[in-house]
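The structure appears below as structure tokens.
The values are calculated or read from the model by the stated rules, or taken from the named source; none is laboratory data. All of these numbers come straight from a predicted model, not from anything done at the bench. Note that we place each Cβ from the backbone using ideal geometry, even for glycine, and neighbour counts take in every protein chain shown.
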Amino acid sequence: MNQRSYRVAVLGGDGIGPEVTSAALEVVNAAGVNIATTTYDVGAARYLRDGFVLDDETLEQLGGFDAILLGAIGPAIGDTRIPGGILERGLLLRLRFGLDLYINYRPFQGVRGSIAQGCEFAIVRENTEGPYAGEGGVLRHGTAHEVATQGSVNTRFGVERCVRYAFERASKLVEPRLTLVHKTNVLTFAGELWSRVVREIGALYPNVQVDYNHVDAACIYLVENPQRYGIIVTDNLFGDILSDLAGAVTGGIGYAASANLNPERTSASLFEPVHGAAHDIAGTGKANPLAAVSSAVLMLEHLGEVEAASRVARAVQEFNGDVASLGTSGITKQLMENL
């Protein structure tokens, strides 16, 4: 058993978030990795209780951990007590921007019975720029002459470091393939920057086959021919949308994991399942922890616990039970038995 202990901040959040993070940590511990956790109460429930989202002190504390494991953030569907953007910008995006988590890495593997059964590919999404950077504003709000603008920020610095990371990932594949997804025929300024950087960085990786898809075409190909992809690299907005589609075609977002990475390790990286808070099943024992466990696999890889990560990943791949009937505890138990 590995004797090193890792400090992990746990942001269970809302709904099923605390349940799936707890299950993921159970599996990690069963794999022989010593995790010392500190829990932070953040999310919709905390905001409704006392108005807290994320302050500078807490952000600084989180950056000092070895990793951050997040469950799910958000109110129940139909709950309008929290204005849009409060949690998204004030918590989730602030973590990404404040800790410089500039890579969003989402691997996908088609489960049995899915459209993409047997396929493996990943999306590398630029995580701190694009439309989510917050450039824009509103003029004459609430009037008949209201104007709203939302700009997309694409810097050479941001695009290049994302593309370099994507090529590094692609170069290690059995069949090294990278596809840039954008909309260069309409978004000519940003698209030209992305295309030029991919050409320049691609010249340093002659073993990687490089392709390009318009984002609308990529939506079709992900459904009709997902086998064509190895690594997809794209901007923040397109990556957000494509990731949900990729989750659907590979078996559902209940299986989808993600890593928000600071590759230089100047702060903690954050790992989270892609699914939402699912308040309707919170506390019923029905939550599917597989995406959280797979996110923990990415966390273990980032921490250098490659052997343990491989065993947990294999346990997830070998899981063959019925999710609905086994429930959270049953799934967790089978995963630990498969280690």
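Here are the numbers:
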| quantity | calculated |
| --- | --- |
| Leading residue by the ranking (farthest from the chain's Cα centre (by Cα)) among those in the stretch 78-93 that are surrounded by fewer than 18 Cβ atoms within 10 Å (Cβ to Cβ) and closer than 26 Å to Ala296 by Cα | Gly90 |
| Selection within the stretch 91-123 - in a strand (DSSP E or B) and either charged (D, E, K, R) or under 23 Å from Ile73 (Cβ atoms) (or both) | Ile103, Asn104, Tyr105, Arg106, Pro107, Phe108, Glu120, Ile123 |
| Residue in the stretch 165-177 that is small (Gly, Ala, Ser) and more than 19 Å from Phe121 (Cα to Cα) present | no |
| Condition check for Gly142: assigned to a loop (DSSP other than H, G, I, E, B), at pLDDT below 95, out of contact with any helix residue (DSSP H, G or I) (no Cβ under 6 Å at 6 or more places or on another chain) and not hydroxyl-bearing (Ser, Thr, Tyr) | no |
| Ala122 being small (Gly, Ala, Ser), in contact with a Lys or Arg (Cβ under 9 Å, 6 or more places away or on another chain), closer than 26 Å to Thr266 by Cβ and surrounded by fewer than 18 Cβ atoms within 10 Å (Cβ to Cβ) | no |
| Residue satisfying condition, being under 27 Å from Leu187 (Cβ atoms) and buried (at least 16 other Cβ atoms within 10 Å of the Cβ), within set Val147, Val163, Val111 | Val163 |
| Matching option when the condition is closer than 26 Å to Ala9 by Cα and either part of a strand (DSSP E or B) or of a type in the set (Val, Ile, Thr) (or both), among Ala308, Ala259, Ala277 | Ala259 |
| Check on Leu270, buried (at least 20 other Cβ atoms within 10 Å of the Cβ) and more than 17 Å from Glu19 (Cβ to Cβ) | yes |
